Amino acid sequence: MNPEPDAARAAYPTATSTEEFAANIAAVRARIGAAATRSGRDAGEVRLLPVSKTVPEERLRLAVAAGATFLGENKVQEAQRKAESLADIPDLKWAVIGHLQTNKAKYVARFAAEFQALDSIRVAEALQRRLEIEDRTLDVYVQVNTSEEDSKFGLPPEQTASFIAQLPAFDRVRVKGLMTLAVFSDDLDRVRHCFVLLRTLRDQLRQAAPDSVDLTGLSMGMSGDFETAVEEGATTVRVGQAIFGSRALPDSYYWPGGTGSAAE
């Protein structure tokens, strides 16, 4: 279950200065490094993607000053608003990591550098059309439902190969890997199973993937489970609360149609 707001705030105090953001980012990176060492990996293989949903722009400026120059958002319109507000910051990039409706593809095509929840051909078609208009390309991760929960978005693992085989038709959409939300549970074995499943699936798919499809990336792991994800091969971890501070609302609010996973 999700922690109560007071308990969550105690676990993840709100960062309100550049120094506090820098300390939080350093602490998360240290934990990534330790997890990588335990699994015989190079910590440099793991990208930290700070998830800034609900965080106001004035605090984001502090986080950027502390080194957070690639931010993730779940809600498209919130992400677009922030991108426009912070457009004066050079080299700041945005990833959209939540479910996307086709009528909002035009916004993602306009400002995002990355989209981490591709799970339908209709969305790929919508993105392709809008990216052609914007004369842009977009890095994407294919979302897989490794927990097999009806409440979550993402492709069933057994349908992922046939889906990926269709993606070379969309030359503006550049596949960079797979993404998943683990089951939200205190049972570490169940959480780890989701990550192992995604890595195993990725390794299988790479053998027959089209030349234009890059399946190197594994985006998995959030504030409550990113160390386990690193141990199992994550190349991107999506961390929000451990950097910005706890949110009052449960993850289900930020992941429409789903119950989320261990909090970002």
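Since every read-out is calculated from the coordinates, none of them should be taken as a lab result. The structure displayed is predicted, hence computed values, not measured ones. Heads up, the Cβs are rebuilt from the backbone with ideal geometry, glycines too, and the neighbour counts pull from every protein chain shown.
Which one, (i) 0.94; (ii) 0.98; (iii) 1.02, gives Rg/Rh (Cα atoms, Kirkwood Rh) as derived from the coordinates shown?
(i)
Given H placed on each backbone N at 1.01 Å, which residues far from Phe70 in sequence or on other chains put an amide H within less than 5 Å of it?
Lys93
Say each of Ser39 and Arg122 gets a label point 7 Å from the Cα, pointing the same way as Cα to Cβ; how far apart are those two points in nm?
The modelled label-to-label distance comes out at 3.4 nm.
Between Asp186 and Ala161, what is the label-to-label distance in nm when each label sits 7 Å out along the Cα-to-Cβ direction?
Placing both labels 7 Å along Cα→Cβ, they lie 3.9 nm apart.
Counting helices only, and only those DSSP H runs with n ≥ 4, report the 222 nm mean residue ellipticity of the chain as the sum of -39,500 (n - 2.57) divided by its residues, in deg cm²/dmol to the nearest 500. Intermediate values should be presented prior to the final figure.
Values: 11 runs with 107 residues, N = 264.
The helix contribution divided over the chain gives -12000 deg cm²/dmol.
For Cα pairs less than 8 Å apart in space and 6+ apart in sequence, what is the mean separation divided by the residue count of segment 31-240, i.e. the relative contact order in percent? Please report the intermediate quantities before stating the final value.
On the way: 401 pairs, mean separation 41.8, N = 210.
Computed value for segment 31-240: 20 percent relative contact order.
Using modelled backbone amide H atoms (1.01 Å from N, in-plane), which distant-in-sequence or interchain residues come within less than 5 Å of Lys53's amide H?
Asn74
Apply the Karplus curve 6.51 cos²θ - 1.76 cosθ + 1.60, θ = phi - 60°, to the phi angles in segment 218-232 and return the couplings in whole Hz, x for Gly and Pro.
Those phi angles translate into 10, 9, 7, x, 10, 3, x, 8, 5, 5, 5, 4, 4, 4, 9 Hz.
For Ala248 and Glu19 in one chain, what is 0.36 nm times their gap in residues minus the Cα-Cα distance, to one decimal in nm? All intermediate terms of the calculation are to be shown ahead of the outcome.
Details: separation 229, 0.36 × 229 = 82.44 nm, distance 2.33 nm.
Gain in length upon complete extension: 80.1 nm.
Can you compute the modelled spin-label distance between Glu84 and Ala26, with each label point 7 Å from Cα toward Cβ, in nm?
3.8
5 Å is the cut-off here: which amide hydrogens, built 1.01 Å from N in the peptide plane, fall below it relative to Tyr12, excluding neighbours closer than 5 in sequence?
Ser246
For Ser185, Ser39, which order do you get if you count the other beta carbons within 10 Å of each Cβ and list the fewest first? Walk me through the numbers on the way to the answer.
Values: Ser185 17, Ser39 12.
With the fewest neighbours first, Ser185, Ser39 line up as Ser39, Ser185.
Using R₀ = 35 Å, calculate the FRET efficiency as 1/(1 + (r/R₀)^6) where r is the Cβ-Cβ separation of Asn103 and Gln207; round to 0.05.
Working: r = 36 Å, r/R0 = 1.04.
Calculated transfer efficiency: 0.45.
Of Ser147, Ser162, how do they rank once you tally other Cβ atoms within 10 Å and put the fewest first? Spell out each step's value before the answer.
Details: Ser147 23, Ser162 9.
Ordered from fewest to most neighbouring Cβ atoms within 10 Å, Ser147, Ser162 come out as Ser162, Ser147.
If neighbour count is taken as other Cβ atoms inside 10 Å, put Glu20, Glu58, Glu125 in order from fewest to most. Please list the in-between numbers first.
Values: Glu20 18, Glu58 9, Glu125 15.
The order, fewest Cβ neighbours first, is Glu58, Glu125, Glu20.
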